[in-house]
Amino acid sequence: MNTHSHKNLFGLTLPQLKKEVLSLGLPAFTASQLTDWMYKKHVTDLALMTNLSKQAREKLGNEYSIKLVPSSRVQTSTDGTKKYLYPTQVQKFIEAAYIPDNDRATLCVSTQIGCKMGCLFCMTGKQGFQGNLSAGEILNQIQSLPEFEKLTNIVYMGMGEPMDNVEAVLDSIEVMTAPWGYDWSPKRITVSTIGIIPAMMTFLEKSRAHLAVSLHSPFDDERREIMPIQSVYPITEVINQIRRWELGSQRRVSFEYIMFKGVNDTPRHANELVRLLNGVKCRINLIRFHPIPDTPLEGTSNDDIITFQNRLKAKGLTVTIRASRGEDIFAACGMLSTKELLKKQTETDF
């Protein structure tokens, strides 16, 4: 039988698996057996799932497969950062960046192929939007990773806007954190957003993972220039929603702030940030900008970043400067897959 018509069970949550096995007339507990094999034992061959009856394995095998897709390319940086390229649907690619750092190892995963948000500083946005990833395709970046066992943290900050694909993101977090899944603490997971309010509220309600908001400018009109979403969900409203939400002691909110020379790095910007974030328990991550092709933006110098940080700290904010990683392999998301996509378009012999 053609396996392409088989539905992939990998990435399904326990309730979703229950629905599937019941539809085949199998007992509900088969779903728990499947999660145990897939997410605990990392076995993807139904034939090896020895505590499932022969009949269950046959019935499942006729309709379903359990498929993990290995990366098609890897680039390794001099600092140990690795960029993995994963094929998705026909001729499309996504990226995951593995970032080892002393006793921490973080994986930055993608949630969409391309992105529809069109931020001026983002390479992924230049690809346009080409599709949402399923929970299985998000988790595939994690479980297929050769360094899977070393991972301590996951950040949903790769290609795409996670809140534009919030259902799949939440399902993948459920598999990550549930006792029947990888059983990770949600404190090891951070999901970023540029501030899509309805989905962000759903995320805050339905998960306990950390939230990171891409801020990049405290002024409405200036933020709109670099982030079109500002016209739909103004940053003041995003922050008001977060301020109203009771985050609890276990959960962090951080604001990402890429530093652009002469655009958002002045004392005026620092003062407005302080005013905007007044009363929000948060951390600000200042990020160096690494220029991408065809953008007018330039990065702020190191000295000016430190001055900006000190100005914010003096007003009582918690501010870190994120270390740049993987510059020599273009670890900034969207670079590698854009190259691969263009290569595919120019190859005539596929």
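Bear in mind that the values in this text are calculations on the coordinates, not laboratory data. Keep in mind the model is a prediction, meaning the values are calculated, not measured. Neighbour counts are summed over all protein chains in view; Cβ atoms, including those assigned to glycine, are modelled from backbone coordinates with ideal geometry.
Straight distance only, please: which lysines reach the Cα of residue 18 with their own Cα at less than 16 Å, same-chain residues fewer than 8 apart left out?
7, 59
Nearest 500 deg cm²/dmol is fine: what mean residue ellipticity at 222 nm does the chain get from its DSSP H runs of n ≥ 4 alone, each adding -39,500 (n - 2.57), divided by its residue count?
Helix-only estimate at 222 nm: -9500 deg cm²/dmol.
Given H placed on each backbone N at 1.01 Å, which residues far from residue 94 in sequence or on other chains put an amide H within less than 5 Å of it?
The list, which skips near neighbours in sequence, is 86, 88.
Considering only DSSP beta bridges where both residues belong to the chain, give the percentage that are antiparallel (nearest 5).
Roughly 40 percent of the beta bridges in the chain run antiparallel, per DSSP.
Choose one answer from 93, 260, 29: the residue with the largest mean-square fluctuation in a GNM of the chain with alpha-carbon springs under 10 Å.
29
Size of the dipole of segment 91-174 about the Cα centre, Lys and Arg at +1 and Asp and Glu at -1 on the beta carbon, nothing else charged, in debye to 20?
340
Averaged across orientations, what area in nm² does the convex hull of the alpha carbons in segment 3-65 project?
Across all orientations, segment 3-65 yields a mean hull projection of 3.8 nm².
Within a Cβ distance under 10 Å of residue 11, other residues only, what is the Lys/Arg minus Asp/Glu net charge?
Computed value for this residue: -1.
Using Cα pairs closer than 8 Å and at least 6 residues apart in sequence, work out the relative contact order for segment 8-73, in percent.
Relative contact order here is 38 percent.
With +1 on the Cβ of every Lys and Arg and -1 on the Cβ of every Asp and Glu, and nothing else charged, how large is the dipole of the chain about its Cα centre, in debye rounded to the nearest 20?
720
Looking at segment 3-135, send over the antiparallel percent of its DSSP beta bridges, to the nearest 5.
90
Which value, in debye to the nearest 20, describes the size of the charge dipole of segment 28-122 about its Cα centre when Lys and Arg Cβ atoms bear +1, Asp and Glu Cβ atoms bear -1, and nothing else is charged?
220
Using a Gaussian network model on the chain with a 10 Å cutoff between Cα atoms, which of 216, 42, 290 fluctuates the most?
The residue with the greatest mean-square fluctuation here is 42.
Give the long-range amide H neighbours of residue 212: residues separated by 5 or more places, or on another chain, with amide H under 5 Å away, using H modelled in the peptide plane at 1.01 Å from N.
191, 192, 193, 254
Taking square-rooted eigenvalues a ≥ b ≥ c of the alpha carbon gyration tensor, is segment 88-192 rounded, prolate or oblate, where a/c under 1.5 means rounded and, failing that, a/b exceeding b/c means prolate?
prolate
Which whole-number percent is the relative contact order of the chain (Cα, under 8 Å, 6+ apart)?
Across the chain, relative contact order equals 16 percent.
For residue 135, what charge total do you get from the other residues with a beta carbon under 15 Å from its beta carbon, if Lys and Arg give +1 and Asp and Glu give -1?
-2
Compactness ratio of the chain: Cα Rg over 2.2 N^0.38 Å, N = residue count?
1.05
Take the cross-link list 92/150; 82/150; 187/281 and give me the ones stretching past 19 Å between alpha-carbons.
92/150
Distance between Cα centroids, segment 3-59 to segment 236-258: provide it in whole Å.
The distance from the Cα centre of segment 3-59 to that of segment 236-258 comes to 38 Å.
Could you tally the net charge around residue 277, taking each other residue with its Cβ under 12 Å from the Cβ of residue 277, Lys/Arg +1 and Asp/Glu -1?
Net local charge, residue 277 excluded: +4.
Which residue, 286, 276, 215, tops the fluctuation ranking in a GNM of the chain built on C-alpha contacts under 10 Å?
With Cα springs under 10 Å in the chain, the top fluctuation among 286, 276, 215 is at 276.
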